[in-house]
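The values are calculated or read from the model by the stated rules, or taken from the named source; none is laboratory data. Here the structure is a predicted model, which is why all the values come from computation and not from measurement. When we count neighbours, we look across all protein chains shown, and the Cβ atoms used for this are built from the backbone with ideal geometry, even at glycine. Please note that ligands, DNA and RNA were not included when accessible areas were found on the heavy atoms of the full protein model with its side chains. Shrake-Rupley method; radii C 1.70, N 1.55, O 1.52, S 1.80 Å.
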Amino acid sequence: MSEISVHINDGPAAQITAPVTVAEALKRLDRDVAKQALAARVNGHEVDLAYSIEASENGDAIKIEPVLPQTLAGLDVLRHSTAHLLAAAVLDLFPGTKLGIGPALLDDPRYGFFYDVIAPRALTEADLPVIEKKMRDIARRNMPYRRDEISKAEALRIFAEREEPLKCELIDEKAGEVVSVYYIDGSPFIDFCLGPHVPNTNRLRAFKLLSLAGAYWKGDAERPQMQRIYGTAFFTPEELDAWLKQREEAEKRDHRRLGRELDLFSIQEQYGQGLVFWHPKGSIVRQQMDDYLREELVKRNYSFVYTPHLAKRELWQLSGHEQNYGDSMFAPTKLEETEFRLKPMNCPMHIGIYKSQQRSYRDLPQRYAEMGTVYRAELSGTLHGLMRVRGFTVDDAHLFCTPEQIRREIDDCVDFAYQVLKTFGFEKIKFELSVKGSDTSKLYLGAEEDWAEAEAALAAGLDARGIDYQRMEGEAAFYGPKIDFKIEDAIGRLWQLGTVQWDFNLPERFELEYIGEDNKPHRPVMVHRALFGSIERFFGVLIEHYAGAFPMWLAPVQVAVLPITDRINEYAEQVAQELRAAGLRVEVNVRSDKIGAKIRDAQLQKVPFMLVLGDREIEESKVALRERTKGDIGTMPLAEFMEMARRLVESRAITNE
Ligand SMILES: [Zn+2]
Ligand SMILES: [Zn+2]
């Protein structure tokens with residue numbers, strides 16, 4: 001026994017008698033923290049609360065950093081421990097099950113952890129509630145997670161005896177001479193694991209099993225096929241409920257399903273994964289996006305350009321894309337003696353236009369904008385609907401200007417992004433300023449003072465607009481600092497969209513110049529900027545944000561004309577013609593369905609307005625109006641409706657108020 005000095009984080013030190021467990025030490029230092037802690041770091045090492053602190057060799061104070069709820073480290077411990085609980089339940093219910101790995105997942109929005117198993121019989125979805133119930137039983141019985149340290153030989157013997165060949169393989173590969181194993185006492189579970197874990201099972205109160213999928217041991221199709229049980233866990237039942245609700249809501253809004261139901265787009269295996277077909281109705285939305293952006297670009301004095309989809313391989317070597325980005329590019333294709341590569345980005349193409357003639361300071365800024373289609377060699381496993389594809393179009397622009405002009409250009413980009421995202425109905429926009437930071441081990445191009453100036457200009461652009469932003473130290477691209485925009489959608493999810501990026505690299509590589517007032521050549525500043533980012537992805541976000549019910553100005557069909565009987569069809573066509581002449585997108589439903597079915601159909605297609613036409617409407621030259629969410633809103637002359645519709649479209653209104 002000896003006295004040691006311990007402190008929590010950088011708090012005051014206290015003298016206590018060693019050896020002492022972390023749990024006991026915390027209790028002496030701060031009862032609240034002791035109650036909440038899931039695990040801890042002692043002098044930087046992650047340990048369980050049951051870890052015994054011995055007297056320090058040199059007598060220095062011992063630092064305990066508790067791992068607390070509502071932190072990422074805490075979530076890691078919680079989910080990892082829940083994965084063990086899952087394995088314990090499976091072993092209890094299905095003796096003889098072989099265990100693979102069971103990590104926590106912190107970055108995957110769909111799952112919180114998994115465990116790979118080979119059960120004596122194939123598990124089905126129907127087993128999940130049963131396993132979950134068993135997990136609750138074990139959790140309630142408050143069984144301790146117990147760590148043991150044994151020799152490698154002993155560990156191999158234990159797992160061989162338990163007929164766990166996969167665990168033996170892992171121990172063989174990864175373990176040193178001493179192996180840490182964990183038990184959940186009172187359950188058949190034992191795992192080869194470094195920890196740490198929660199002290200006992202009743203700390204796990206908010207978890208749910210989500211799904212079952214096939215998996216291979218070590219991802220190798222030649223190795224045993226396993227089943228992966230996915231679940232998630234949170235600190236409180238309230239958090240779990242909120243997450244489950246959001247998940248359910250997200251499923252309803254899934255752009256892949258809505259894309260099919262509303263006939264907006266498709267991706268067809270026969271043509272190739274990750275390649276998007278925009279159907280007529282999806283194309284209308286895209287055209288509205290294009291038209292709006294074009295209007296704004298004209299106001300802001302951009303020049304439109306069109307550039308090729310591929311270029312000589314040497315070009316991509318000169319730009320550095322082949323060296324830095326080659327893995328994401330499609331392989332070269334040869335014609336005669338020349339190799340070509342599809343473009344993964346538009347930047348070098350716009351540089352080609354800049355370089356086509358000598359520029360004077362009077363010509364600057366040059367602002368080139370293009371709906372530039374690019375191709376990326378994404379692996380099939382990473383593709384996801386419109387969100388991750390192999391061919392997509394960027395609302396790309398590159399600005400070439402003098403250092404004196406840059407501040408104004410940045411201001412305009414920030415302003416532009418703000419306006420565009422608001423117009424599409426995103427009220428909550430987050431800005432991030434990624435700067436170089438203090439980590440000198442990362443390689444950055446460009447002079448120190450240029451970076452300082454560039455970062456200051458970007459920050460000033462945000463500050464001038466009173467925009468709240470997060471400064472991301474060390475997150476800048478190697479070629480310059482940048483601003484990223486993220487929007488929060490209708491159900492609170494964040495999406496990364498466009499970006500404004502400074503570039504010290506390409507102007508150097510391509511030796512860009514302009515002739516200054518002093519008649520000498522100078523290097524221009526280059527800025528990359530995209531507002532939507534990928535048009536495909538932005539469309540996917542829009543579909544999910546609006547759950548397919550687009551605002552009037554974007555809606556593929558704005559008005560459904562619904563005659564009550566066949567007698568009215570001719571009048572209905574007349575009305576539709578008049579609406580079309582006014583520029584509205586109209587569909588007439590002349591099928592011989594009942595009016596209720598026609599209304600339902602238009603509702604399902606999420607058409608903003610329905611005009612219901614019967615004999616009375618003909619007589620009075622009026623239309624009976626229904627709005628998608630409000631239902632009947634009364635009868636009015638056609639001209640009155642047209643005026644309202646025109647106002648909604650022209651103002652690009654988000655709601656039909
Ligand atoms: Zn573990
Ligand atoms: Zn670019």
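So which GluC sites (Glu not before Pro) in region 57-152 end up in coil per DSSP with only 11 or fewer other C-beta atoms within 10 Å? The qualifying sites are GLU57, GLU125.
Pair-distance distribution P(r) for region 218-340, from all Cα-Cα distances in 5 Å bins starting at 0: 2, 7, 8, 8, 9, 13, 17, 14, 9, 7, 4, 1, 0, 0 percent.
For LYS428, the solvent-accessible surface computed with a 1.4 Å probe is close to 120 Å², ligands and nucleic acids excluded. Percent of Cα pairs in region 394-437 per distance bin of 5 Å, from zero to the largest separation: 5, 16, 21, 25, 20, 10, 4. The residue among ASN519, PRO481, ILE595 whose Cα reaches farthest toward the positive pole of the charge dipole of the chain, with charges on the beta-carbon of Lys, Arg, Asp and Glu, is ILE595. Going by accessible surface with a 1.4 Å probe and the largest first, LEU542, LEU106 read LEU106, LEU542. Note on region 568-657: the alpha carbon radius of gyration divided by the globular reference 2.2 N^0.38 Å gives 1.03. Overall, the ratio between the Cα radius of gyration of the chain and 2.2 N^0.38 Å, rounded to two decimals, is 1.20.
Rg/Rh for region 429-537 stands at 1.03; both radii use Cα atoms, and Rh follows the Kirkwood definition. With the biggest extent put first, the Cα atoms of region 1-85 measure 38, 22, 18 Å across the principal axes. Counting only lysines at least 8 places from LYS245 when in the same chain, those with an alpha carbon closer than 23 Å to its own are LYS133, LYS208, LYS428, LYS486, LYS606. For trypsin sites (Lys or Arg not before Pro), the sites in region 600-657 that DSSP calls loop and that have at most 16 other Cβ atoms within 10 Å are LYS630, ARG652. A Cβ-based charge dipole, computed about the Cα centre of region 583-657 with Lys and Arg at +1 and Asp and Glu at -1, lands at about 380 debye.
Each of ALA126, SER303, MET472 was scored by the projection of its Cα onto the charge dipole of the chain, and the greatest displacement toward the positive side belongs to ALA126; charges sit on the C-beta of Lys, Arg, Asp and Glu.
When only the Cβ of Lys, Arg, Asp and Glu is charged (+1, +1, -1, -1), the dipole of region 364-405 relative to its Cα centre reaches about 220 debye.
Send over the Kirkwood Rh of region 85-203, from the inverse of the averaged 1/r over different Cα pairs, rounded to one decimal Å.
Details: mean 1/r = 0.0666 Å⁻¹.
One decimal place: 15.0 Å for the Kirkwood radius.
Each Lys and Arg Cβ is given +1 and each Asp and Glu Cβ -1; about its Cα centre, region 125-183 then shows a dipole of about 460 debye. When the helices of the chain are scored as -39500 (n - 2.57) per DSSP H run of n ≥ 4 and the total is divided over every residue, the value at 222 nm lands at -10500 deg cm²/dmol. Cross-link partners of LYS520 among lysines, defined as those whose alpha carbon lies under 17 angstrom from its own and excluding same-chain residues fewer than eight positions apart: LYS355.
Annotation: aspartates and glutamates with alpha-carbon distance below 12 angstrom to LYS622 (same-chain offsets under eight excluded): GLU640. Loop-located GluC sites (Glu not before Pro) in region 259-352 (DSSP state not H, G, I, E or B) with no more than 10 neighbouring Cβ atoms inside 10 Å: GLU269, GLU336, GLU337.
Over the Cα atoms of region 43-122, each weighted equally, I'd like the Debye log10 I(q)/I(0) at q = 0.11, 0.15, 0.22, 0.27 Å⁻¹, rounded to two decimals. Calculated log10 I(q)/I(0) at the listed q: -0.45, -0.70, -1.02, -1.24.
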